[in-house]
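Encoded as structure tokens, the structure appears first; notes follow it.
Only the coordinates and a few stated rules stand behind these numbers; no lab work does. The shown structure was predicted, so the numbers you read here are calculated from the model rather than taken from an experiment. When we count neighbours, we look across all protein chains shown, and the Cβ atoms used for this are built from the backbone with ideal geometry, even at glycine.
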Amino acid sequence: MDRVIRTPSRKPDLALRSLPPCAPLAMPIQPLDADPMRGAALSFPDSRPWRRAAMLGATGVATLAACAVMAQLISPGGFTLADFLMLVLFAALFAWVAFAFASAIAGFVLMWRTRAAGPWTPQPIIFTRTALLMPTYNEDPGRILAGVQAIWEDLEAMGVAELYDVFVLSDTREPEIAQAEATGMLRLRIRLNAMDRIFYRRRPANIDRKAGNVADWVRSHGGAYESMIVLDADSLMSGDTIVRLTAAMERDPTVGLIQTLPTIVGATTLFARLQQFAGRLYGPLIAKGQAWWSGAEGNYWGHNAIVRTRAFAACAGLPHVEGAGPFSGHIMSHDFVEAALLRRGGWAVRMAPELEGSYEETPPSLIGMAVRDRRWCQGNLQHAAVLGARGLHWVSRLHLVRGVLAYLTAPLWLGFLGVGAVVWAEQRGAPELAGQAPLAAGLFALTMALLLAPKLMGALLTAHNRLTRRACGGGPVLAAGVLLEIALSALTAPVFMLIQSRAVADVLRGRHSGWAAQQRDDGRLPFRAAWRRHWFDTLLGLGWSAGAFTLDPLLLAWTGPVAAGLVLAIPLSMLTSRADLGQACRRLGLFLTPEEAAPPSVVARAAALRAQYLAEAPVRNEIARLFRAAVPMATPGLVRVSVSRPVAAVR
């Protein structure tokens, strides 16, 4: 039975229900070891085998050639165990870099050949009802409320709001935050006159986290909607993009999921602005390349995507991984697995990197990114336990492998440095090495070129587009920003290497990450906190520098960027977390993005609404204090809002 707000003087107002009538949809659990549906055998017109063959062939040829050179470099004096380990590590790491480079080349060619987009085609006509889902967990209510209102107003301006319902799905455990969510959503629904279009639900228990939150909604209300657009608490999407995603889903009855490329917005700190700038310049190139070779076997990033509700319910019910180790339990990084199960069920999973109007935020500091990465690390490593699931398409398995390697490469790089020092010590002074310096320099240059090429290609594409180049501050400023971003990324990369290596070690030791709320606002970091987080990085950098110099000054010269990044970890973390430095760069035009130069309407509206919410916080807090003081003397007919029941608002 629905719970409603009651007053002593009037009957329950059924318009104040926080949820629409139930529309149940069965979502059975999909066993990983059972005979699956035969959908993975289905082919799609754009899933051309030659594209995957070209990618893997280019990666294999480049890796074999580089390994042959590396074997020649380390073979003088005999082939020891350390030499063998170094060659194996080098092969794995070079293949990872070469595959990313090949994908970026594909994206670059496609984007270079594409002319600057003219006016959008007319707004498509849509017919189906779609739900916008915004799961949240201990997030700032102001961010949620601002995002919902900005999106809703954009849909109303386009005249299509009646085809969409918005659901804020709360897993919040903090009572004060939950109370603010509930009361804020009630006020918002009344203010927008959308009591029958915007809804709020809070679960009594955070079962299976975000995946369980969405699945709970599918089982209770999914039957009323053809599709669902899944957002995050920091997500925004323009009304135009929402309509075009809906139209794309209606046009193609074979597609089960379409993933957009979210653009980072709202960055204030130097660290966040670096991420925002890099994502805007290099992200479309990388995503376009991945979409080219993945085709109908694309991937899902868990948010800013549209999903066919019935396909998701039929195919993507996630099981728990059996066992007691770190890979057991509910599947944390659910998105890759859900995409693989959708494809196993015969549905196409596509990416739409060319569709603009999809936005997200990024952590404000290096430490904030580390906290998020720690959680993702455990989830991605868990994919190793899913790789053997029956019936998955081999490209889906490739996505899972890449998800695992995204974190395993950090300890592999660390191991490569350590083993490399051992090999260097073993072969130091060997006469055969005298003539191999040019060969070693060439291999090093090739590896660096493959690493940096996607960034340079992204910068070239940006400079090639006159409007985008101007929006980024013009050619000289853009070039300066790219060079600074490369330099700062090179210095922070060793710190991330250690952070991710520790995370992998923690997961393998069975230490779970927990599920802390993400830090999204100004991440200014005091020295004590920076020292507590990075003291080991600094000492390791100093120890490596001293050891390398003692062994051979040339070794220190080769590994100097790694040592410098570790030694400078504390000041780097502190300085990049500062918003004043970020704003100073903005005033100079550095790291400027088109969305920052001319904010999209939905982004600007959300920012203004959130600023208003923050400004009104003292008044709300005082009203809440007076209300709490008055509640014990309230009349018996007044029902206080509960934050411990399944729905922490009126329902």
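Numerical summary
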| item | result |
| --- | --- |
| Geometric extent, Cα atoms of the chain - Rg, Dmax (angstrom) | 26.3, 98 |
| Protection-proxy order for peptides 364-370, 138-144, each taking the mean of Cβ atoms within 10 Å per residue, highest first | 364-370, 138-144 |
| Cα-centre dipole for region 167-222 with unit charges at Cβ (Lys and Arg positive, Asp and Glu negative), debye to 20 | 160 debye |
| Cα-projected label distance for residue 205 with residue 536, points at 7 Å along beta-carbon direction, nm | 3.4 nm |
| Sorted by Cβ neighbour density within 10 Å, fewest at the top, the residues 176, 361, 156, 297 | 176, 156, 361, 297 |
| Dipole magnitude of the chain, debye to nearest 20 (Cβ charges: Lys/Arg +1, Asp/Glu -1, about Cα centre) | 1080 debye |
